[in-house]
Each structure stands twice: as structure tokens, then as C-alpha cells.
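Undergrad: Dropping the structure in here first, questions after.
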Amino acid sequence: MRHSAAHVMAAAVCRLFKDVKLDIGPATDAGFYYDFDLPQRLSPDDFAAIEAEMAKIVKEDSPFERTEVTRDEAERLLRERGQDYKVQRLADIPAEETITFFRCGDFVDLCRGPHLERTGELRAFKLTSVAGSYFRGIETNPMLQRLYGIVGSSDKEIRILLDRIEEAKRRDHRKLGKELDLFSIQDDVGPGLIHWHPRGARVRSVIEDFWRKEHFRNGYELLYTPHIGRAHLWETSGHLQFYKENMYSPMEVDGGDYFTKPMNCPFHIQIYKGAMRSYRDLPLRWAELGTVYRYEKSGVLHGLLRVRGFTQDDAHIFCTPDQIEGEVAAAVNFALRVLRAFGFEQVSAYLATKPAKAVGEEARWAQATASLEQALRGVNVPFERDEGGGAFYGPKIDLKIKDALDREWQMGTIQFDFNLPEKFDLSYIGDDGKPHRPYMVHRALLGSLERFFGILIEHYGGAFPAWLAPEQVRVLPLTEHVTAYGAAVLQTLREADIRATLDSRSEKIGAKIRRAQAEKVPYMLVVGPKEQEAGTVAVRERTQGDIGAVPVADFVALVQGQGPPHGRAAGVN
């Protein structure tokens, strides 16, 4: 339905405007869009006319007709119509794939489908925005106009979707990041490179501390590895053959080329190879918050969610075949435990199986896939099988969460790898005294800290729970005469590892409270002569308002009791 709506919108634009050049028009999780090259700029003022023309096309109830053509016929048709972008997209279609066009009324488009039977099946739709978009996401290419829309089964559903869009705008991490002074991207440094401001760095520190403690509790050891490595390392891993376009240009050191790392795994493998390993040493669970750099096209960069430099929540497990099922189950449990600690209760999974082209023994693929499936069934997580969707080097589990706006985000991954142990000739000595190839599993819980932080900002709308908030408490003296008492309260809070500040400005208390509310501070402590005499604080909670005066020690215990739920972690031996 969403994809059909994109075609109807494109058909309407082609009717209303001359010399329209088409690029792509896919469905998205939130609706649909289409990219156009037009002589004039579109604006929201044009939406009503386009929607009216779309309504006419829907009323015409034209069928969506699929036609198969040869590649030569497709190119001739597109060139005759002056659709240069489509000619380039045609070249991207694999040689073995059937070339198809879809027609609805007088509109014809190069497209795989699928579509509804007829345009008349569309019930309700609304155009929402227009933005610039570089062709193929490359900033040196022409700038196109991307027209967005939503579609639903009724006008009521459209209103619900519009409300959700407005709420998403209010929660946009780029907007809140600036308002709450959490992070920035500086033009003089470069796009896609994040600067963590003090308040954002506070949240990151809390996330990292929690992450490290949970890894130690679950039997992991931590690693730190270099940011650059010799070209030979990346040749062995295969990155220079298959990933070079996403790696930054090499630097010459001592007559040899070094590359900044796009991934951490080859470094972890080198540590493994640094000693003779026995079956008694396994499993080895090694984790790292490793900063990596990958070239992303400027057109796809998006705040914290798509960047060029990021800190990867990364881990690798090396184990024997007998250990693999237990390790996978523990990894799935661990991932669920961590995601739920951050407030994401809705978790689902995708199990991606062996593709047509793959490396590794069939028996290993079968065992690995079975262990992944058994782990998912054991923790009762809903999952779908993605047949043939695994990487060439192993099957995987992708864990996805839903946020407060019911949007789905891919987070954790548990990925088998039969390729790198072969390429780097990894081994361990078994109980038979002979060398054996270990199983290797790539495992991520949060993905990257940058992207995860962006998701957290939008999930909570910047109003983080007390244990995550950059500033948990703000002390607000009523008058200058009690500022010293406020400072003493502040010191007590800081000695208890509570993140707190003192607002000693000579302003009315109402102004101080409004500022703290706007900055989404979970707790405000109002202190006046009465509180000073009694050794108490008047507590104001961000959403509940005034909740009464309590002794300072009681308030400290209240805040300390709001940490993440450490106690429910599923331990491993």
C-alpha cells in the first residue's frame, strides 16, 4: 500500500509539472517518499494540489499492470522518456534479475513492485514534508527533491500518524541535543564526527560504566586496541578487497601503509593468536568499546544515527563446538537484560540463515543455526526466519526494539563467523592433543554509543530516567542567606556519587524551577530557612511536582535506589 501510494504521488507530480525526472520511490516504515528532479522548488504550498491530483488518480481506479522487458528494451524506453536517473538505476539491477515496469493509468515506472491491484484501493493519504536529497546520497551529485507522505486505512489513522510525526519532531535528537547542550557536529572538524558536550558526556559515562560492570558480571574481559593497523592486517581479513571504499585513505608509516580501523575484530584475533590456546582456556569472551571510522556518503549522514566516527559496543567469543549453544543462549539473555535495563521492553528478533554463497562446513552451519534458534526459543523472544539472509561467513540473530513512538530499531547482533578463523588460521589444542578450529562469534548489544544515545534521546524525549540523566538533582536556594546550606547539600550529594548542581543565582524560585524543568532535571531540591534549620530538603520531582520535605540522607537513598536493575543479570560459568 505504501509503495503504491508512492507511485500515485509520482504520477500526480508528473501530471502537474513539466520536465519531471524520476529517481526512486520506496516504501518506508513510516510511509513513503519519491525523489524528483524538477525545474522548480516544491514547498508545502504545493501539497494541496498534488493531493487533489492523487485523489483523482485514486478515483480513476486504474490497475497496477506489471510488464517484463529485456534490459535493452528498458534502457531504450527510459532514454526516450528522458529518465536519466532511472537509466543509472537500471545499471544497478543484477544481470540475473528480471526487469519489470509497472503502469497505473498514464504513469509508467521501472520498479520491482509489489503493488495493490488498483489505485482505487488507496483509502487515505497525506503529504508531510519535502527535503533535499543528493542522488545516490553523494554530495557531488545533483540535489533532488524528496517528497514524503503517509498512507492509512482511514482518515482517523492518518490523524494518528500525523500526531506521531509531530511527536517525533518534538523528540528529534538533533533538536534536543542542541536545546539540552548534549552534543554537536562542527563544520570545521567535519560531518559525521561527534563532539560530546559535558552533559552528553555524563550520560555516556553512565552508559559505559553500566556496560563494563555488566560485562564483568557476565564473564567477559575488556580489551583496548589501536586505532590504526598495517595494510597487511586488512588484506588478511578481507576488508581491503570488499570494504575499501568505506575505509579512510592510508597513511604511510616506516615505508608501509596503515589504515584507520573500520572494525575491531582483526585486533581481537591478533590477541588470540598471541598465545597457544587450549580447550581448557575456552570460552574466551572479550569486549571493547572501540572507536572506529567508516566513510559514509554525506547524503546519508543523520545526526547521531549515521556518523563517520563512532564507538562500537563490540565483543567476540571464541569457544569450542560443544560450548557454542550455551554461549549463544547466554549472549541472547545478556542482550535482553541490557536492553530492558535501558527501558526497551519490546524486543523481537530475526534469524538469518545460510545464503546461496557461503564459506564454512555444512555441519558447522547447521549446528550454528540450530544453536541460534534454540537460544531464541529458550528465552521466548518472538522471531522471524530470514531464509538465506545470513552473511557469507555465518548465520546471525538481529535483535530489534520498539521505542516510545512504536518505531523499530535494530540493536544487538549475534553473528557467527566461519571466515576469519580460517583466514587467520586460528586454533586451540583439544583434549586429544590435536589442533582444532575454534568457533568465533561477533556480538554487539547496543551497536554504537553514538547511535544508541540518539535513540535514547528520542525514546525519552530528552527526559532521561534519574539513573541516566546528566544532571540528576539541582539544588535551589530560596534566598542568598541559605546558599551556604545549599552548597553543603550539594557536597553531600556529590560525595554520594549523585550528579548535582547548585543554582545560586539571585532569581525568584519560580524562575529557577522553570529553568530546571526546561532542562529536564529529574529532581529539584528547594532549600530555605525552614529546611536549613531541620536539615531537610523540599523535593520537587520533574513530573509529579512537590512531593514533600525529607532528610538529606533519605533523599540520597531515594536517588541511589533508582539505578539500573543489576540484580537480574543472567550469569554464566
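Taken together, the values in this text are just the output of simple stated rules run on the coordinates, not laboratory data. Computed from a predicted structure; not experimentally measured. Methodologically, a virtual Cβ is constructed for each residue, glycine included, from the backbone with ideal geometry; neighbour enumeration extends over all protein chains shown.
Undergrad: Taking R0 as 45 Å, what FRET efficiency do you get between LYS169 and ARG230 from their Cβ-Cβ distance, rounded to the nearest 0.05?
TA: 0.45
Undergrad: Give the lysines whose C-alpha is closer than 17 Å to that of LYS21, dropping any in the same chain fewer than 8 places away, or say none.
TA: Counting by Cα, and skipping residues close in sequence, LYS21 has these lysines nearby: LYS86.
Undergrad: Run the numbers for ALA275 and GLN88: contour at 0.36 nm per residue of separation, minus the present Cα-Cα distance, in nm.
TA: 62.2 nm
Undergrad: Hey, another quick one. Which Cα, out of PHE17, TRP467, SER249, lies furthest along the positive dipole direction of the chain (beta carbon charges, K/R +1, D/E -1)?
TA: The residue sitting farthest along the positive end of the dipole is TRP467.
Undergrad: Under the classification rounded if a/c is under 1.5, otherwise prolate if a/b is larger than b/c and oblate if not, where does region 473-560 fall, given a ≥ b ≥ c as square roots of the Cα gyration tensor eigenvalues?
TA: rounded
Undergrad: With charges set only on the Cβ (+1 for Lys and Arg, -1 for Asp and Glu), what does the dipole of region 167-227 come to about its Cα centre, in debye to the nearest 20? Present the calculation step by step, with values, prior to reporting the outcome.
TA: Numbers: 12 positive and 10 negative charges, 58 e Å.
Dipole magnitude for region 167-227 comes out near 280 debye.
Undergrad: Shifting gears a bit: So for the chain, averaging the separation of alpha carbon pairs under 8 Å that are six or more residues apart and normalising by length, what relative contact order in percent results?
TA: Worked out over the chain, it gives 11 percent.
Undergrad: PRE reach from LEU193 (point 7 Å along Cα→Cβ): which of region 287-318 fall under 20 Å by backbone N?
TA: Flagged as within label range: 290-312.
Undergrad: Pop the C-beta distance of ILE138 and GLU533 into the FRET formula with R0 = 56 Å and round what comes out to the nearest 0.05.
TA: Here the calculated transfer efficiency is 0.25.
Undergrad: Show the residues, 5+ positions off or on another chain, whose built amide H is closer than 5 Å to the amide H of THR128.
TA: TYR148, GLY149, ILE150
Undergrad: Moving on to the next point. Suppose the chain between GLU221 and LYS178 were pulled fully straight at 0.36 nm per residue; how much longer would it get relative to their current alpha carbon spacing?
TA: Length difference between fully extended and current span is 11.9 nm.
Undergrad: Here's something else I'd like to know. Cross-link candidates for LYS178: which lysines have Cα within less than 21 Å, leaving aside residues fewer than 8 places away along the same chain?
TA: List returned: LYS169, LYS512, LYS520.
Undergrad: While we're looking at this one, here's another question. Report the full-extension gain for the segment ALA404 to TYR243: residue separation times 0.36 nm, less the Cα-Cα distance, to one decimal in nm.
TA: Taking 0.36 nm per residue and subtracting the Cα distance, the gain is 54.5 nm.
Undergrad: Still on this structure, I have one more. Assign unit charges at the C-beta atoms only (+1 for Lys and Arg, -1 for Asp and Glu), then state the dipole size of region 2-171 relative to its Cα centre in Debye, rounded to the nearest 20.
TA: Computed charge dipole of region 2-171: roughly 420 debye.
Undergrad: With r defined as the distance between the Cβ atoms of LYS357 and GLU117 and R0 fixed at 51 Å, what FRET efficiency is calculated, to the nearest 0.05?
TA: Working from the Cβ atoms, E equals 0.90.
Undergrad: To continue, here is another question. Would you tally the net charge around ASP386, using a Cβ to Cβ cut-off of less than 10 Å, leaving ASP386 out, and scoring K and R as +1, D and E as -1?
TA: Neighbour charge sum, excluding ASP386 itself: -1.
Undergrad: Can you give the net charge of the other residues whose Cβ lies under 15 Å from the Cβ of ASP46, counting K and R as +1 and D and E as -1?
TA: +2
Undergrad: To the nearest 500 deg cm²/dmol, what mean residue ellipticity at 222 nm is calculated for the chain from DSSP H runs of n ≥ 4 alone, each contributing -39,500 (n - 2.57), summed and divided by the residues?
TA: -10500 deg cm²/dmol
Undergrad: If you place +1 on the Cβ of every Lys and Arg, -1 on the Cβ of every Asp and Glu, and leave all else neutral, what size is the dipole of the chain about its Cα centre, to the nearest 20 Debye?
TA: On the way: 76 positive and 83 negative charges, 195 e Å.
It comes to approximately 940 debye.
Undergrad: Run the reach check for LYS56 against lysines, Cα to Cα strictly under 16 Å, same-chain hits fewer than 8 apart removed. What comes back?
TA: Those lysines meeting the cut-off are LYS126.
Undergrad: Of the listed pairs LYS244/LYS357; LYS297/LYS396; LYS273/LYS434; LYS175/LYS402, which have alpha-carbon separations greater than 24 Å here?
TA: Going by Cα-Cα distance, LYS297/LYS396 fall outside the 24 Å limit.
Undergrad: If you count the DSSP beta bridges with both ends in the chain, what percent of them are antiparallel, to the nearest 5?
TA: Counting only bridges with both partners in the chain, antiparallel ones make up about 85 percent.
Undergrad: How charged is the neighbourhood of GLU166? Take every other residue with its Cβ under 12 Å from the Cβ of GLU166, and add Lys/Arg as +1 and Asp/Glu as -1. Walk me through the numbers on the way to the answer.
TA: Values: positive: ARG159, ARG164, LYS169, ARG170, ARG171; negative: ASP163, GLU167, ASP172.
With Lys, Arg at +1 and Asp, Glu at -1, the net is +2.
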